[in-house]
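Written below as structure tokens is the structure these notes are about.
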Amino acid sequence: MFRKFCVLGLAISLSAVAAHAKEKRTIPPIPLTPQQTELIQKAIAREKVTVKAIQKSTPIVQTYIQNVRPDPKLYSVPVSDVYSLARVDFGKTFRASEYSDKRSSRGFFKGSFNYISSLTKAFHLTYSPTGFMDQMFLDPVSFDQQHYDFAFVRREFLGNVRTFVFDVRPKPKTGTGRFFGRIWVEDQDGNIVRFNGTYTSSDNDEVTRYYHFDSWRMNVQPDTWLPVAIYAEETQRSQSEKALGLRAQTHYWGYSLKLPTRESTNESIEVENAQDQSENSQDVGPLQAQRQWISQAENNVIDRLTQAGLIATPSDFDKVLEQVTNNIAIGNNLQLPGDIHCRVMLTSPLESLAIGNTILLSKGLVDVLPSEEDLAAVLSFQLAHIVLGHHIDTRYAFNDRLLFPDEATFQRILMNHTPADNEIAAKKAVELFNGSVYHDKAASVGLFFQQLQSRQKNLTALLTPRMGDSLIKADGSPWLTGLTQGAPKLDLDNLTQIAALPLNSHLKIDPWDDRVLALNLKAVPLMNARDKMPFEVTPVFFRLQRYQAAPATATQAAPANAPATGQPAADPPQQQQQPPATQDATPPPPAADTTTPAPQQQQNPQ
């Protein structure tokens, strides 16, 4: 009897200890001060306003995922990737219309609503069909003090914005799918400008429903903070040594998509008894008519792509691209029928294309190019197409051919050249490059394409063009092989050898009006081979600023590497990869023997 009593007493004691330990794990948060409580109440109210503002928009959402594997030397390397682009409507339910691939067999006007499901599969979010999209929101329905506990951490500046940092955790028995992490609340109006963490899963789940993420918002308009970028990361998904981790970036833009008004360059003032002595009074010959017809098709396509949120609105960075193109044209004494214009596609896949006399480079391509000569090489490829007369299909001069849903753009506007045309243009591009001021810098270009070839099998989504021309042939060799001769061997351990940069190394996007702006970065010394990260996804970090209206008068010219005042600072990854004292911190570094002028920096309403 005594033994039974002892065993029973021991069991009761152990139960009490276990219960006490369980209580210890849920230590109540330190009560907030009245000032902190007031700010949290503001944040709760402002979050409801932000959710409503998002519901009124149909932004473009771009998600790029790299599955990564541990590497003994480089820490981790990408082994596969997934890319998706869509316009998302949050009005009633999560609905995303994917920009269907041009090879898709789906009907033009059916659109595609599998964006969420396809990315869910990529994120392996089996039990959460909108798991990755939830990362735009803390809790769109129940973010309040009845469902969450708040604990003050510290004050912190994010750029020029002072914030109060709080840890947030759901109260017990409030259900799964609640936010668990940290929030940054700006101190003036109580807007949540950043939140970092995950969502709670059920203890019975065998597979994690949600992954960890870092979500950022930007002050895009007065009193309006909207999502701009999300970084997600899991270094290892299971205990298996062969398990893959992931790194992913989601970017948002197009909150205020507008078709740009094309300003006439032939304004006329009516003067009594005056006669028109300009070129407008002359008749148009057959060749001029043909060129104007091509120009009409070009303008129609450019406007439609801008309206679809795929091309950045005109910016000062276009002038940088145009000056590099002019350096090539002048060096080769090209007699072109008109000015060559350049624009930036807002998408990440590495591609370029020529639409009439306009050359488009994707933002992803610009970002990964380490030097001006690399930029000149890819511009030479499309300039060669223009010189050879590989012009746009003139059927787009009829605007009715461009009346289709945005998500069908990649199917309905076919801009890529044939392999035969690309072969001819590649030879011409090598000739143009060698005839320009960049002719003695082909070795750098060769390094870029070596790095590209080394990663091509693992980054098929990044290297697959959605509309234009690829950098590589079907067999994996680069089109511009002629520029790779004489290049040194790729050496990861040589820290002065920068073959390619990580994504988001050069440009940032204004998410409200879709302009691209050159980053103002300082050179960061490399410590080891891991710091190079060619073509890789990295964390994002923004130097936040409050919205500032642009002045009525134009700003004066500023150096290409100087930040424009009042710009929204989106200071992406601090891993800008230029060797010290050999590369500029901003793209493209002006060559010593060129006449590239400093672009004018416009005021950014951020």
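For region 394-441, give me the residue count where each residue is open to solvent by 40 Å² or more (accessible area, probe 1.4 Å), closer than 17 Å to residue 465 by Cβ and under 29 Å from the mean Cα position of the chain (by Cα).
So the count comes out to 5.
Report whether or not residue 87 is modelled with pLDDT of 80 or more and basic (Lys, Arg).
Spelling it out, residue 87 is indeed modelled with pLDDT of 80 or more and basic (Lys, Arg).
If residue 370 meets every condition in (1) touching a residue at least 60 places away in the same chain (Cβ under 8 Å); (2) touching a strand residue (DSSP E or B) at 6+ places or on another chain (Cβ under 8 Å); (3) not aliphatic (A, V, I, L, M); (4) not in a helix (DSSP H, G or I) apart from one, which number is that one?
The one condition residue 370 does not meet is (2).
To keep it simple, each residue is scored yes or no on (1) out of contact with any Ser or Thr (no Cβ under 7 Å at 6 or more places or on another chain); (2) part of a helix (DSSP H, G or I); (3) modelled with pLDDT of 95 or more.
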position: 430; (1), (2), (3): yes, yes, yes
position: 433; (1), (2), (3): no, yes, yes
position: 436; (1), (2), (3): yes, no, yes
position: 441; (1), (2), (3): yes, yes, no
position: 448; (1), (2), (3): yes, yes, yes
position: 474; (1), (2), (3): yes, no, no
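Residue 410 - would you say it is modelled with pLDDT under 95, aromatic (Phe, Trp, Tyr) and farther than 30 Å from residue 65 by Cβ?
Details: modelled with pLDDT under 95: yes; aromatic (Phe, Trp, Tyr): yes; farther than 30 Å from residue 65 by Cβ: no.
No; evaluated as a whole, the condition is false for this residue.
Tally time: how many residues in region 373-393 are aliphatic (A, V, I, L, M), open to solvent by 10 Å² or more (accessible area, probe 1.4 Å) and not in a helix (DSSP H, G or I)?
Residues in region 373-393 being aliphatic (A, V, I, L, M), open to solvent by 10 Å² or more (accessible area, probe 1.4 Å) and not in a helix (DSSP H, G or I): 1 in total.
Of everything in region 444-473, what is among the small types (Gly, Ala, Ser) and either open to solvent by 40 Å² or more (accessible area, probe 1.4 Å) or over 24 Å from residue 534 (Cα atoms) (or both)? Give them in sequence order.
454
For residue 210, all conditions in the list (1) in a loop (DSSP other than H, G, I, E, B); (2) buried (at least 19 other Cβ atoms within 10 Å of the Cβ); (3) over 27 Å from the mean Cα position of the chain (by Cα) hold save one; what is the number of the exception?
Going through (1) in a loop (DSSP other than H, G, I, E, B); (2) buried (at least 19 other Cβ atoms within 10 Å of the Cβ); (3) over 27 Å from the mean Cα position of the chain (by Cα) one by one, residue 210 breaks only (3).
Any residue in region 162-176 that's within 19 Å of residue 33 (Cβ to Cβ): show its pairings with residues that are surrounded by 15 or more Cβ atoms within 10 Å (Cβ to Cβ) and among the hydroxyl-bearing types (Ser, Thr, Tyr) at Cβ separation under 6 Å, as long as the two are six or more apart or on different chains.
168/148
crowded, with 19+ Cβ neighbours inside 10 Å, of a type outside the set (Ser, Thr, Tyr), in contact with a strand residue (DSSP E or B) (Cβ under 9 Å, 6 or more places away or on another chain) and free of Cβ contacts under 8 Å to residues at least 60 places away in the same chain, is that true of residue 195?
Considered against the rule, which asks whether it is crowded, with 19+ Cβ neighbours inside 10 Å, of a type outside the set (Ser, Thr, Tyr), in contact with a strand residue (DSSP E or B) (Cβ under 9 Å, 6 or more places away or on another chain) and free of Cβ contacts under 8 Å to residues at least 60 places away in the same chain, residue 195 comes out as yes.
Regarding region 241-248, can at least one residue be identified that is of a type outside the set (Val, Ile, Thr), open to solvent by less than 20 Å² (accessible area, probe 1.4 Å), more than 12 Å from residue 65 (Cα to Cα) and at pLDDT below 65?
yes
So, in region 484-532, exactly how many residues are touching a Ser or Thr at 6+ places or on another chain (Cβ under 6 Å) and without any contact (Cβ under 8 Å) to a residue 12 or more places away in the chain?
0
State whether the residues of region 287-296 include one that is at pLDDT below 95, part of a helix (DSSP H, G or I) and buried (at least 18 other Cβ atoms within 10 Å of the Cβ).
Taking every residue of region 287-296 in turn, at least one turns out to be at pLDDT below 95, part of a helix (DSSP H, G or I) and buried (at least 18 other Cβ atoms within 10 Å of the Cβ).
Quick one: residue 103 ticks every box in (1) farther than 22 Å from residue 307 by Cβ; (2) modelled with pLDDT of 55 or more; (3) under 38 Å from the mean Cα position of the chain (by Cα) bar one, so which box is it?
In the conditions (1) farther than 22 Å from residue 307 by Cβ; (2) modelled with pLDDT of 55 or more; (3) under 38 Å from the mean Cα position of the chain (by Cα), residue 103 misses (2) alone.
Out of all the residues in region 356-367, is one or more buried (at least 20 other Cβ atoms within 10 Å of the Cβ), assigned to a helix (DSSP H, G or I) and of a type in the set (Asp, Glu)?
yes
Among (1) free of Cβ contacts under 8 Å to residues at least 24 places away in the same chain; (2) at positive phi; (3) open to solvent by 40 Å² or more (accessible area, probe 1.4 Å), where does residue 476 come up short?
For residue 476, the failing item is (3).
Of (1) more than 23 Å from residue 468 (Cα to Cα); (2) modelled with pLDDT under 90, residue 332 satisfies all except one. Which?
(2)
List, please: which pairs have Cβ atoms under 9 Å, are six or more places apart or on different chains, and start with a residue in region 444-469 that is over 15 Å from residue 377 (Cβ atoms) and among the hydrophobic types (A, V, I, L, M, F, W, C) and end with one that is open to solvent by 10 Å² or more (accessible area, probe 1.4 Å) and part of a helix (DSSP H, G or I)?
462/455; 463/455
Please find, among 309, 338, the residue that is open to solvent by less than 10 Å² (accessible area, probe 1.4 Å), modelled with pLDDT under 90 and in a loop (DSSP other than H, G, I, E, B). Break it down stepwise before answering.
Values: 338 fails: open to solvent by less than 10 Å² (accessible area, probe 1.4 Å).
It is 309.
Can you confirm whether region 24-40 contains a residue that is part of a strand (DSSP E or B), in contact with a helix residue (DSSP H, G or I) (Cβ under 7 Å, 6 or more places away or on another chain) and modelled with pLDDT of 90 or more?
Scanning region 24-40 turns up no residue that is part of a strand (DSSP E or B), in contact with a helix residue (DSSP H, G or I) (Cβ under 7 Å, 6 or more places away or on another chain) and modelled with pLDDT of 90 or more.
Do you know which residues across region 504-531 are more than 22 Å from residue 314 (Cβ to Cβ) and surrounded by 24 or more Cβ atoms within 10 Å (Cβ to Cβ)?
Scanning region 504-531 gives a single hit, 505.
Which one of the conditions (1) within 22 Å of the chain's Cα centre (by Cα); (2) surrounded by 13 or more Cβ atoms within 10 Å (Cβ to Cβ); (3) within 18 Å of residue 343 (Cα to Cα); (4) modelled with pLDDT under 85 does residue 259 fail to meet, given that it meets all the rest?
It is condition (2) that residue 259 fails.
Can you tell me which of 326, 300 is open to solvent by 10 Å² or more (accessible area, probe 1.4 Å), farther than 17 Å from residue 383 by Cα and not in a loop (DSSP other than H, G, I, E, B)?
300
The values are calculated or read from the model by the stated rules, or taken from the named source; none is laboratory data. Please read all numbers here as calculations on a predicted model, not as lab measurements. All Cβ positions, even for glycine, are placed from backbone atoms using ideal geometry, and neighbour counts span all protein chains on display. When the accessible area is computed, the model is the full protein with side chains, heavy atoms only, and any ligands, DNA or RNA have been set aside. Shrake-Rupley method; radii C 1.70, N 1.55, O 1.52, S 1.80 Å.
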